[in-house]
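Notes follow once the structure below has been shown.
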Amino acid sequence: MNNNYVTNSAILTVDNLSKAFGGVKAVNNLTFSVSQNNIHAIIGPNGAGKSTLFNLITGVITPDEGKIQLLNQDITSLRPDKIAEQGVSRTFQNIRLFPDMTVFETVLIGTYLFTGGKLLPALFRTKNFRNKERQARERIEEILKFVGLWDMRHEYAAKLSYGSQRRVEIARALATNPRLLLLDEPTAGMNQKETKELMNLFTQVSEQGITILIIAHDMHLVNTLSNQITVINFGEKLVEGPPEVIQNHPAVIEAYMGRAEVNA
Ligand SMILES: Nc1ncnc2c1ncn2[C@@H]1O[C@H](COP(=O)(O)OP(=O)(O)OP(=O)(O)O)[C@@H](O)[C@H]1O
Ligand SMILES: [Mg+2]
């Protein structure tokens, strides 16, 4: 019984996950879980394996070993579109937007690409497709208003400010109705104002019942937003806990300092 309770409160469970690229163990025997409705942060020095972890969770790459479960369902090695269908969506470390597409088109097309929407009904514009498209358009209107981009819907997404481009990506991710949203360094390169606004947005997303797993280097952001932090280093879990435990943890300080010296 007790066990059941523990498993049910986790939306994502990663078990002994490993992935190597040649000799590099990018993710090494990693185990952790994300509680439902949390904003859970992943931190760690450059090259620690954070983005690789997201690529594994979203099915872009397959693990060498280990298991990934979403709400008790095994999603290890499912195709990316199947994982998206199960309610996992993401934004990328480097913003990925198509040139020559408006904000609205980006989010609309994104929903088809990321959920493996069928192209043939779209081409022939079947009745069923038209109905679905109308619903999709209504949903996108709702999302663009939510992220504050409705007034910019006809502008080319790739020409917007960096902060707005990130919002487009977030809107695209939300359009697939995720239960779990993965954000890979969403505020990197943003100014203070943009960062603050995005942090507010993440809180609002979380209040909608969407669990967030966020990679970030900005400790102010991490400590403000998240109540659980997993620190990884060389693909392994170093420590885990709430901000007050992580902030001054000697192993965390050493991991960052050590790597900084190597980089210097
Ligand atoms: N597709 C790939 N092929 C080969 N090596 C890779 C690949 N992806 C990642 N790596 C390597 O795996 C390690 C972890 O990389 P990853 O991008 O996951 O780190 P990260 O924690 O996201 O770093 P950063 O903070 O710089 O974004 C690095 O040594 C990287 O060079
Ligand atoms: Mg990364």
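The values are calculated or read from the model by the stated rules, or taken from the named source; none is laboratory data. Since the structure is predicted, the reported quantities are computational estimates derived from the model, not experimental observations. No Cβ is skipped: glycine too gets one built from the backbone with ideal geometry, and neighbour counts run over all protein chains shown. Note: accessible area is taken over every heavy atom of the protein model, side chains too, but ligands, DNA and RNA are not part of it. Shrake-Rupley method; radii C 1.70, N 1.55, O 1.52, S 1.80 Å.
Checking segment 203-220 against the condition returns no match, with no residue being open to solvent by less than 70 Å² (accessible area, probe 1.4 Å), over 17 Å from Gly44 (Cα atoms) and among the charged types (D, E, K, R). The single residue among Glu194, Glu169 that is charged (D, E, K, R), outside any strand (DSSP E or B), touching a Phe, Trp or Tyr at 6+ places or on another chain (Cβ under 9 Å) and not assigned by TED's automatic domain parsing to the domain that holds Pro99 turns out to be Glu194. Scanning segment 90-101 for residues that are at negative phi and either open to solvent by 20 Å² or more (accessible area, probe 1.4 Å) or part of a loop (DSSP other than H, G, I, E, B) (or both) yields Arg90, Phe92, Gln93, Asn94, Ile95, Arg96, Leu97, Phe98, Pro99, Met101. Just one of (1) under 19 Å from Pro186 (Cβ atoms); (2) not in a strand (DSSP E or B) fails for Asn248. It is (1). The set of residues from segment 44-82 being away from ligand 2 (no atom under 16 Å from the Cβ) and within 30 Å of Lys159 (Cα to Cα) comprises Gly59, Pro80, Asp81. Return the residue satisfying two criteria in turn: it lies in segment 26-70 and is within 10 Å of ligand 1 (Cβ to nearest atom) and farther than 28 Å from Pro243 by Cβ, and of such residues it is least open to solvent (accessible area, probe 1.4 Å). For segment 26-70, the residue satisfying everything is Ile61. Among the residues of segment 130-167, which ones are open to solvent by less than 70 Å² (accessible area, probe 1.4 Å) and touching a Gly at 6+ places or on another chain (Cβ under 8 Å)? Passing the criteria: only Arg167.
Yes or no: Ala188 within 16 Å of ligand 1 (Cβ to nearest atom), open to solvent by 20 Å² or more (accessible area, probe 1.4 Å), touching a residue at least 12 places away in the same chain (Cβ under 8 Å) and on the phi < 0 side of the Ramachandran plot?
Taking the combined requirement at face value, the residue satisfies it.
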